[in-house]
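Input: a single structure, listed below in structure tokens.
The values are calculated or read from the model by the stated rules, or taken from the named source; none is laboratory data. Please read these numbers as outputs of a predicted model, since none were measured by experiment. Here the Cβ positions follow ideal geometry from the backbone for every residue, glycine too, while neighbour counts run over all protein chains shown.
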Amino acid sequence: MDQHYNAQAIEQSTQQHWLKDNSFAVQQDDSREKFYCLAMFPYPSGQLHMGHVRNYTIADVIARYQRMLGKNVLQPMGWDAFGLPAENAAIKNNVPPAKWTAQNIDYMREQLRRLGFAYDWDREIATCNPEYYRWEQWFFTKLFDKGLAYKKKAEVNWCETDQTVLANEQVVDGCCWRCDNPVERREIDQWFIKITDYAQQLLDDLGQLDQWPEQVRTMQRNWIGRSEGVNLRFGLPDGGDVQVYTTRPDTLMGATYMAVAPQHPLAKEAAASNPALAQFIREQGNVKVAEADMATMEKLGMDTGRTAIHPVTGQEIPVWVANFVLMSYGSGAVMSVPGHDQRDFEFANKYGLPIEQVVDKPGEEFQYDPSTWQDWYADKEGTISINSGPFDGLDFQGAFDAIANYLEEKGKGERTVNFRLRDWGVSRQRYWGAPIPIINCGSCGAVPVPEKDLPVVLPTEVEFEGVGSPIKKMASFIDTTCPKCGGPAERETDTFDTFMESSWYYARYACARNDSVMLDSEADYWAPVDQYVGGIEHAILHLLYARFYHKLLRDEGLVNSDEPFTRLLTQGMVLKDGAKMSKSKGNTVDPQDLIDRYGADTVRLFSMFAAPPEQSLEWSDSGVEGANRFLKRLWKLVQGHVEGGAVQPLDVNSLGEAEKAARRKTHETIAKVGDDYGRRQTFNTAIAAVMELCNELGKLDSASPQGRAVLDEGLRAVVLMLNPIVPHVCHSLWQQLGGSGELLDAPWPRVDASALTRESIDMVVQVNGKVRAKMSVAADASKDAVEADALAQDNVQRFLDGVTVRKVIVVPGKLVNIVAN
């Protein structure tokens, strides 16, 4: 055994051993319980950062622990390889995105290997490979045939700089999340998938996810946004009507004007004869804001000169165009109740529109002031209707029901359930993405590419001429024939949003070697993922889309489960000097430098020990050095033991008190660490417990044969318990200790219950809550005996002199509290 801990030599040798044996390849095995452990796959940006290291170490610790429990464990890795950054890099470096991406993948793969992650590399996927996105295209054609995929004009967030559509979450303070340039609203043709058809399922099935953080489930509930309300219709003087949706029909009698989106048909019709209105609408079409900014931006509007007829009073109210109404949400029209909606209130005050109070809170000291907004105006709890004619005096629910009944009887409305969730826009105007498998024919319309012609391969030999997608000018890609009529047609040049690839990759890992089907029976064997690990920033979009996609796969008969991920762990960020690590802040730490200096095990140990996994980790150079020192001490402790020669069998009946105490500590630690790894997933406390055990074992007098036997048992337990976190050094130490077989296949150490029993117990004695003595009592002592011993302690007697003992409280195994006055 080497005298000094040589991390580089140990890790290289161990990794070569794993590679030679293909140690982490796994097959379906119905005789064992399966465990699918997965960390969110990375974008191949060029090199790992500390956030990657932490994320993947957490998952690797879980996977290795579950393997030690005897389970059939799958842990794969791949690459979320499409996306705009590759295009930007291609423009900047004059390197085709395919080549740039492949080079980054090769480098990052080697970095992951250096960290010793237990991946089944035989299942590696890259989403930019046609072998992967072929099946995504095939599945999209199935959705198209079912009517679940469709194309329509939609108002989108458009980044002129990157020439692409952005999701609302990709717009930060009105600017693109990548280039930081202003985003504008624009109406263009987009492909959608009907996630709204699954809104109620997505909401209901959150109840199955009891092993997800409640914060994530709440975020998804809010995003889906189920509400109960009324669809009602305001008539138009010249015929027809305008439909609006409201969750507050109790305020209908306070509607004093209607607001419509600039793109609403009423607005466009009025603008045809009103140049000023037409100019206003054009200006609003270029406003560089996202939907998230609507609440805070300045409210602007213009009177259309048209009116709408109130469905109850029959009075005509003005119709205004307002910049805070989006055509893409609901019907693009809202009934404006300025007395009880802050947005409507601000707009009405700005433009001198009527404000009427129709809800009051009786018995409370609230004074309604139409010039100053107060939050209680929008409250519905404990309110009654006023100034509402036949509905006066009704509480919220009473008014809701009465007005809804009236509208239904008159044919002017109906109760309905609505969702905030909107259909998933899956098309992007960029190049580096999976081509959408649609052929556009002048005669037949949109026609899906036949299965025999899939995949539609993205050309990789391209040249960029600034922004925009090069394939939009590539006749060799665009020009084709219609599969239906055989006439000339054009390929769709939009590509899929990368959320499409990341929404089903977990399932493809399970059957990545099958090139004849999208998913097979092995995918169903592994599904669902038992443990998913990733950042909280993916709580809404990625996780929601993956849940939706899984239900689509289920309904196509490709999987049998309802949800893709059983348990979710959302790890915290890595901080330095209180800020998130980023290149822009200049506070990054290169994992590769740390691996070269200290070894992968030190990096893994620090990242697991510095903080609980769900909390942010504050970077500490001294913490890294401390982790390295501990591994050196462990190496030295084992080395000293091994040099002592052979170890006699353990005889528990001939142990002294010190040996019994050390052995008890070993088995207490095994129990704790197993719970920390499995149920609690608090790896930092598990490490602390093992460190404490090592300190105790280091103090043990191992000169006697049984002392050496106890130490040997303890050190083997330490190596087994640390194996998921620092697998390289443990692989070597296991061999040096003469461990049986391959460490990877060694079972988790079993707790010997008999070792946990104590002949005596140390207890604290308090007088009126203050510690006055400590005593040792027999483990099986009765309550009366413990009480008597406590009262007999010399220092306790001092504090009982001249007072009366009122009560003695015995907490078994812990303390005695004597209450006296």
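Only one of these is within 30 Å of GLU537 (Cα to Cα), of a type in the set (Gly, Ala, Ser) and surrounded by 17 or more Cβ atoms within 10 Å (Cβ to Cβ): SER582, SER616, SER607, SER620. Name it.
Going through SER582, SER616, SER607, SER620 in turn, just one is within 30 Å of GLU537 (Cα to Cα), of a type in the set (Gly, Ala, Ser) and surrounded by 17 or more Cβ atoms within 10 Å (Cβ to Cβ): SER607.
With the requirement that a residue be touching a Lys or Arg at 6+ places or on another chain (Cβ under 7 Å) and part of a strand (DSSP E or B), what does region 191-204 give you?
Answer for region 191-204, where residues must be touching a Lys or Arg at 6+ places or on another chain (Cβ under 7 Å) and part of a strand (DSSP E or B): TRP191, PHE192.
Residues in region 527-541: is at least one at pLDDT 95 or above, of a type in the set (S, T, N, Q) and over 15 Å from the mean Cα position of the chain (by Cα)?
no
Would you be able to tell me the number of residues in region 119-163 that are surrounded by fewer than 21 Cβ atoms within 10 Å (Cβ to Cβ) and either among the acidic types (Asp, Glu) or in a loop (DSSP other than H, G, I, E, B) (or both)?
Residues flagged as surrounded by fewer than 21 Cβ atoms within 10 Å (Cβ to Cβ) and either among the acidic types (Asp, Glu) or in a loop (DSSP other than H, G, I, E, B) (or both) within region 119-163 amount to 12.
What is the number of the single condition among (1) farther than 23 Å from ALA59 by Cα; (2) modelled with pLDDT of 95 or more that THR566 does not meet?
(1)
Scan region 88-109 residue by residue and report those that are over 14 Å from SER45 (Cβ atoms) and small (Gly, Ala, Ser).
Answer for region 88-109, where residues must be over 14 Å from SER45 (Cβ atoms) and small (Gly, Ala, Ser): just ALA98.
Has region 745-764 got any residue that is closer than 30 Å to ALA600 by Cα, within 47 Å of the chain's Cα centre (by Cα), of a type in the set (Asp, Glu) and surrounded by fewer than 18 Cβ atoms within 10 Å (Cβ to Cβ)?
yes
Can you name every one of the helices (runs of 4 or more DSSP H) wholly within region 632-739 that holds 2 or more residues which are hydroxyl-bearing (Ser, Thr, Tyr) and surrounded by 15 or more Cβ atoms within 10 Å (Cβ to Cβ)?
Here the list reads 657-675.
Would region 803-821 turn up any residue that is within 30 Å of ASN653 (Cβ to Cβ) and surrounded by 12 or more Cβ atoms within 10 Å (Cβ to Cβ)?
yes
Could you tell me whether GLU625 is modelled with pLDDT under 95, of a type in the set (D, E, K, R) and assigned by the TED database to the domain that holds CYS730?
no
What number of residues within region 64-88 satisfy the criterion of being under 22 Å from GLU124 (Cβ atoms) and touching a Pro at 6+ places or on another chain (Cβ under 8 Å)?
Matching residues across region 64-88 total 5.
Output the qualifying pairs, or none if there are none: Cβ atoms under 9 angstrom, residues six or more apart or on different chains, first residue in region 11-25 and on the phi > 0 side of the Ramachandran plot, second residue not in a loop (DSSP other than H, G, I, E, B).
Matching pairs, first to second residue: ASN22/TRP121; ASN22/ASP122.
Considering only residues that are among the acidic types (Asp, Glu) and in a helix (DSSP H, G or I), which ones fall in region 766-821?
Listed by number, the residues that qualify are ASP784, GLU787, ASP789, ASP794.
How many residues are farther than 15 Å from PRO564 by Cβ and of a type in the set (Lys, Arg) when one looks only at region 501-525?
Looking only at that region, the number is 1.
Among VAL589, VAL574, VAL559, which is at pLDDT 95 or above and hydrophobic (A, V, I, L, M, F, W, C)?
Every option except VAL559 fails the conditions.
State all residues of region 765-799 that are farther than 11 Å from VAL816 by Cβ, over 52 Å from the mean Cα position of the chain (by Cα) and crowded, with 16+ Cβ neighbours inside 10 Å; if no residue qualifies, say none.
PHE799 - this is the single residue of region 765-799 that is farther than 11 Å from VAL816 by Cβ, over 52 Å from the mean Cα position of the chain (by Cα) and crowded, with 16+ Cβ neighbours inside 10 Å.
Of the numbered conditions (1) assigned to a helix (DSSP H, G or I); (2) in contact with a strand residue (DSSP E or B) (Cβ under 7 Å, 6 or more places away or on another chain), PHE35 fails exactly one; give the number of that condition.
Looking at each condition in turn, PHE35 falls short on (1).
Does region 136-149 contain any residue that is under 28 Å from TYR677 (Cβ atoms) and touching a strand residue (DSSP E or B) at 6+ places or on another chain (Cβ under 9 Å)?
Within region 136-149, not a single residue is under 28 Å from TYR677 (Cβ atoms) and touching a strand residue (DSSP E or B) at 6+ places or on another chain (Cβ under 9 Å).
Yes or no, residue by residue, for (1) at pLDDT below 95; (2) over 16 Å from ILE10 (Cβ atoms); (3) in the same structural domain as ASN55 (by the TED database); (4) in contact with a His (Cβ under 6 Å, 6 or more places away or on another chain):
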{"site": "LYS585", "(1), (2), (3), (4)": "yes, yes, yes, no"}
{"site": "GLY599", "(1), (2), (3), (4)": "no, no, no, no"}
{"site": "VAL603", "(1), (2), (3), (4)": "no, no, no, no"}
{"site": "PRO612", "(1), (2), (3), (4)": "no, yes, no, no"}
{"site": "PHE630", "(1), (2), (3), (4)": "no, no, no, no"}
{"site": "LEU634", "(1), (2), (3), (4)": "no, no, no, no"}
{"site": "GLN639", "(1), (2), (3), (4)": "no, no, no, no"}
{"site": "VAL642", "(1), (2), (3), (4)": "no, no, no, no"}
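Pull up region 238-263, narrow it to residues that are within 37 Å of the chain's Cα centre (by Cα) and modelled with pLDDT under 95, then point me to the one that is surrounded by the fewest Cβ atoms within 10 Å (Cβ to Cβ).
Of everything passing the filter in region 238-263, GLN263 is surrounded by the fewest Cβ atoms within 10 Å (Cβ to Cβ).
I'm trying to understand the selection: among the residues of region 396-421, which are in a helix (DSSP H, G or I) and either charged (D, E, K, R) or within 11 Å of ARG248 (Cα to Cα) (or both)?
If the condition is that a residue be in a helix (DSSP H, G or I) and either charged (D, E, K, R) or within 11 Å of ARG248 (Cα to Cα) (or both), then PHE396, GLN397, ALA399, PHE400, ASP401, ILE403, ALA404, GLU408, GLU409 are the ones that fit.
Please enumerate the residues belonging to region 359-382 that are part of a loop (DSSP other than H, G, I, E, B), within 39 Å of the chain's Cα centre (by Cα) and touching a residue at least 24 places away in the same chain (Cβ under 8 Å).
TRP373, LYS380
Out of LEU552, LEU544, I need the residue that is over 18 Å from GLN27 (Cα atoms), in contact (Cβ under 8 Å) with a residue 12 or more places away in the chain, within 16 Å of the chain's Cα centre (by Cα) and crowded, with 21+ Cβ neighbours inside 10 Å. Which one?
LEU544
When residues of region 384-395 are filtered for being in contact (Cβ under 8 Å) with a residue 60 or more places away in the chain and part of a loop (DSSP other than H, G, I, E, B), how many remain?
Here the count works out to 3.
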